[in-house]
Amino acid sequence: MRIPLVIIGAGALGREVHDVVEAINTTAPRDTGFEFLGFIDHEHPDPDLLKDRRTTVLGDDAVLQTLPKNTQYVVAINDGAARRRVDKAATILGLGPATLVHPRASLGAHRIAIGPGSVVCANVVLTTNITLGRHVFLNVACVIGHDGVVGDYVSVNPGAMVSGNVTLGSGVLIGAGASVIQGITIGEGSLVGIGAVVTRDVPEHVTVFGVPAKIIGARR
């Protein structure tokens, strides 16, 4: 029996999440996987882009109150703090988060723990002994090395390379193509810029950029 599912956020990230849902349904046994009900969004995304997918926006957050209680949700918002707020609201309504792993993701055979609401896109590599928190978003072709700990509401953008024994605090955002060397800790709420190379620990709530990465400002 397919599980009813909505994606909260109908922008570009939402469409990427929908790609993962479609890939899961393509490879899942008959009558399993997800029954995609539509997107939830208070904005007005391009209807042609959704029409191509034969889906639509069901409405704003108020629609969540009308969904069957067995409906699951994924939050397709790149900002970790916003993802946390939406997750809290959906949880209060009694809805449960889905966990989506693209069939072309590469997951090691030993001790890979993926938290509820997390999305693992195509060509992501998770090696061994890795823990992902709640509502983590791992975008296309990023790598998380051995013994990694990824906190709640973290986003790792396409092509980023996170080496072994790295800890990413809650709400961290790793930019596309960035690299984090082994053994680093990145504090809660911090942002690593596109293409940055992180060679030392990063404190909480800052933005770092460059090679090697340096603090360029606060992030709240």
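Checking each residue in region 11-34 for being exposed (fewer than 12 other Cβ atoms within 10 Å of the Cβ) and charged (D, E, K, R) picks out Arg30, Asp31. The set of residues in region 125-158 that are under 11 Å from Arg111 (Cα atoms) and among the acidic types (Asp, Glu) contains only Asp147. Scoring Gly145 on the criteria (1) more than 23 Å from Asn25 (Cα to Cα); (2) over 19 Å from the mean Cα position of the chain (by Cα); (3) touching a residue at least 24 places away in the same chain (Cβ under 8 Å) leaves a single failure, condition (2). The lone criterion from (1) within 18 Å of Leu168 (Cβ to Cβ); (2) loosely packed, with under 15 Cβ neighbours inside 10 Å; (3) touching a residue at least 60 places away in the same chain (Cβ under 8 Å) left unmet by Pro103 is number (1). In the set Gly14, Gly9, Gly33, Gly38, only one residue is of a type outside the set (A, V, I, L, M), farther than 21 Å from Val140 by Cβ and modelled with pLDDT of 90 or more; that residue is Gly38.
Only a single item in (1) at pLDDT 95 or above; (2) under 14 Å from the mean Cα position of the chain (by Cα); (3) under 24 Å from Ser170 (Cβ atoms) is not met by Asn78, and it is number (1). Residues of region 160-216 being more than 22 Å from Arg111 (Cα to Cα), surrounded by 17 or more Cβ atoms within 10 Å (Cβ to Cβ) and either among the acidic types (Asp, Glu) or in contact (Cβ under 8 Å) with a residue 40 or more places away in the chain (or both), which ones? Result: Gly171, Val172, Leu173, Glu188, Gly189.
Yes/no matrix, rows are residues, columns are (1) open to solvent by less than 20 Å² (accessible area, probe 1.4 Å); (2) assigned to a loop (DSSP other than H, G, I, E, B); (3) aromatic (Phe, Trp, Tyr):
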{"site": "Arg85", "(1), (2), (3)": "no, no, no"}
{"site": "Lys88", "(1), (2), (3)": "no, no, no"}
{"site": "Thr91", "(1), (2), (3)": "no, no, no"}
{"site": "Gly117", "(1), (2), (3)": "yes, yes, no"}
{"site": "Ala122", "(1), (2), (3)": "yes, yes, no"}
{"site": "Ala141", "(1), (2), (3)": "no, yes, no"}
{"site": "Asp147", "(1), (2), (3)": "no, yes, no"}
{"site": "Pro158", "(1), (2), (3)": "no, yes, no"}
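What do you reckon, is Tyr73 open to solvent by less than 50 Å² (accessible area, probe 1.4 Å) and out of contact with any strand residue (DSSP E or B) (no Cβ under 8 Å at 6 or more places or on another chain)?
When the stated conditions are applied, Tyr73 does not pass them.
The values are calculated or read from the model by the stated rules, or taken from the named source; none is laboratory data. Everything numeric in this text was worked out from a predicted model, so none of it was measured. Glycine gets a Cβ as well: all are built from the backbone with ideal geometry, and neighbour counts include every protein chain shown. Protein only, heavy atoms only, side chains kept; ligands, DNA and RNA dropped before computing areas. Shrake-Rupley method; radii C 1.70, N 1.55, O 1.52, S 1.80 Å.
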